[in-house]
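Below: the structure, in structure tokens.
Each reported figure results from applying straightforward, stated rules to the coordinates on display, with no laboratory input. Please read all numbers here as calculations on a predicted model, not as lab measurements. Heads up, the Cβs are rebuilt from the backbone with ideal geometry, glycines too, and the neighbour counts pull from every protein chain shown.
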Amino acid sequence: MSKQLKYQLKKTLKKAEFMQADLEYHEEVGVEAQALFMERITELFQALPSDVQTQLTQHLDLKVAAAKPKIEEQTDVVSDGDPSESTELATSEHEVQEESEEEKEIEAVKMKSSELKTLFRRIAEVSHPDKVVAKGFSPQEAERYEKIFKKAKNAFDRENWFVLYTLAIELGLELDTESERHIHWVEQDIKNTERLIKELANRTYWHWYIAKDENIKTNALRHYFLQLYNYDYPM
């Protein structure tokens, strides 16, 4: 890897590190935010007259039942067209190029998937709870390895190469030499992490939790009742 690419990778890794820390913040604080929000929702719900509570509960039951997927009959579509119309079209040079690019992309996805599996397996060989117990680590070390394994499993499920890479380094595992494709993978991880952060930050309980203005908090609570029960809570 050239010096320029090494600097680019270093810069990209730093950005990914920041984004991952931001995601962990939203996930960890979000647990508390959601719990406190639901406590407040429960208080407001129980403060309603009993007949209104019953009405809202029935509405929610109907909403849940309606949301269940319905099994639809599948029918075969029979074409009345002339069989001669299904002739093959000549493949243009442009289509060949598009197919070639698509094949490259598929190959790149396979390569990343393969390396993700390899990294996760190597991390699991060291940090899996069964492995830790067998090696007789102290409770403190066992807890540390358990956290690493959970992080690795979560990263693998999210196809996050960056997190697996940093965990492997933390465990002192010998890794393959970084290359240009790793920069591309980390950039993908950054985009996915940004998307997850935006999703969490857009939750109603998050808006309620971080709001300093009581009007915003009130609007968040009313929004929840409207969305879930179609009920405009009088506040």
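What number do you get for region 99-176 when its Cα radius of gyration is normalised by 2.2 N^0.38 Å, N = residues?
Taking the Cα Rg and dividing by 2.2 N^0.38 Å, one obtains 1.29.
Over 28 Å between Cα atoms: which of K10/K191; K10/K135; K11/K198; K11/K217; K14/K198; K14/K117 fall into that group?
Distance filter (> 28 Å) returns K10/K135; K11/K217.
Which of the trypsin sites (Lys or Arg not before Pro) across region 168-235 are loop residues per DSSP, with 13 or fewer other Cβ within 10 Å?
Here the trypsin sites (Lys or Arg not before Pro) that fit, given the DSSP loop and packing criteria, are K212.
How far, in nm, would the chain grow between E174 and F137 when pulled straight, counting 0.36 nm per residue and subtracting the alpha carbon separation?
11.1 nm is the gain from fully extending E174 to F137.
Can you give the FRET efficiency for N219 and A67, using 1/(1 + (r/R0)^6), R0 = 22 Å, r = Cβ-Cβ distance, to the nearest 0.05?
After rounding to 0.05, the efficiency reads 0.30.
Does a label point 7 Å from the Cα of V52, set along Cα-to-beta-carbon, have any residues of region 203-235 with amide nitrogen under 20 Å, and which are they?
215-235
Select from region 167-235 those GluC sites (Glu not before Pro) which occupy a DSSP coil region and have at most 16 other Cβ atoms within 10 Å, ordered by residue number.
Here the sparse-neighbourhood loop sites are E174, E178.
Kindly identify region 1-71 as rounded, prolate or oblate by the Cα gyration tensor criterion: order the square roots of the eigenvalues as a ≥ b ≥ c, call it rounded if a/c is under 1.5, otherwise compare a/b with b/c, prolate if a/b is larger, else oblate.
Oblate.
With an 8 Å cut-off on Cα pairs and a minimum separation of 6 or more residues, tell me the relative contact order of region 99-176 in percent.
This gives 32 percent for region 99-176.
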